[in-house]
Amino acid sequence: MFAPGHVGELTWIVPFEMVDDVLTATRAVQQRVRLVPARVTVYLLLAGALFTELGYRQVFDRLCAGLAGLAPARPSGSALRQARQRLGAAPLKALFDLVRGPAATTATATRWRGLLVVAVDGTLLPVPDAPANLAVFAKQRCNTGPGAIRRSG
């Protein structure tokens, strides 16, 4: 059910082989068969970044929308949260390190006066209210409730 190509359009952008290699390199491959495998958790988190207004269950439903007729099990929100916690941050950081870089197709279009050209506009990243975060980031109200905010730009 969670074979390559069955977790949505994200597999076209981030191939399952890349995800599997990152999971292996970071030792995050699940040790036993689970309702939400590590590979699916990675795609869940990637999709969650696209659908920030939705909860994990709704994002999971969107990932599985193309599986009509297969009737995949629908994990609870708690199961999806536990899968995220089991996965940890290391696989996503390693995946980011693999895919980051300029999106331009020519080397001359990605540099200006020797600097890499990037565009990040009006982005707010909510971070947990941990003491270390509050020491660095201002506490503001965002659409998901109170929390420290890291402003881009």
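The values are calculated or read from the model by the stated rules, or taken from the named source; none is laboratory data. Quick caveat, the model's predicted, so the values are computed rather than measured. Remember, those area values only see protein heavy atoms, side chains included, never the ligands or the DNA or RNA. Shrake-Rupley method; radii C 1.70, N 1.55, O 1.52, S 1.80 Å.
Brief remarks on what is shown
- Gap separating the Cα centres of region 16-34 and region 49-96, nearest whole Å: 15 Å
- 3J(HN,Hα) from dihedral phi, region 82-89, Karplus parametrisation 6.51/-1.76/1.60, rounded to Hz, x for glycine, proline: 5, 4, 4, 5, 4, 5, x, 8
- Rounded accessible area of residue 129 (nearest 10 Å², 1.4 Å probe): 70 Å²
- Per-residue Karplus couplings for region 13-30, computed as 6.51 cos²θ - 1.76 cosθ + 1.60 with θ equal to phi - 60°, are listed in order as 8, 10, x, 4, 4, 5, 4, 4, 5, 5, 4, 5, 5, 9, 6, 10, 5, 4 Hz, Gly and Pro entered as x.
- Residues 9, 17, sorted by accessible area with the largest first, give 9, 17 [1.4 Å probe; ligands and nucleic acids excluded].
- Surface composition of region 38-81: carbon and sulfur make up 57 percent of the accessible area, probe 1.4 Å.
- Accessible heavy-atom area order of 10, 116, 44, highest first, probe of 1.4 Å: 116, 10, 44
- Across region 49-59, rounded Karplus estimates of 3J(HN,Hα) from the backbone phi angles (6.51 cos²θ - 1.76 cosθ + 1.60, θ = phi - 60°) give 5, 7, 10, 5, 7, 9, x, 4, 5, 5, 5 Hz, Gly and Pro being marked x.
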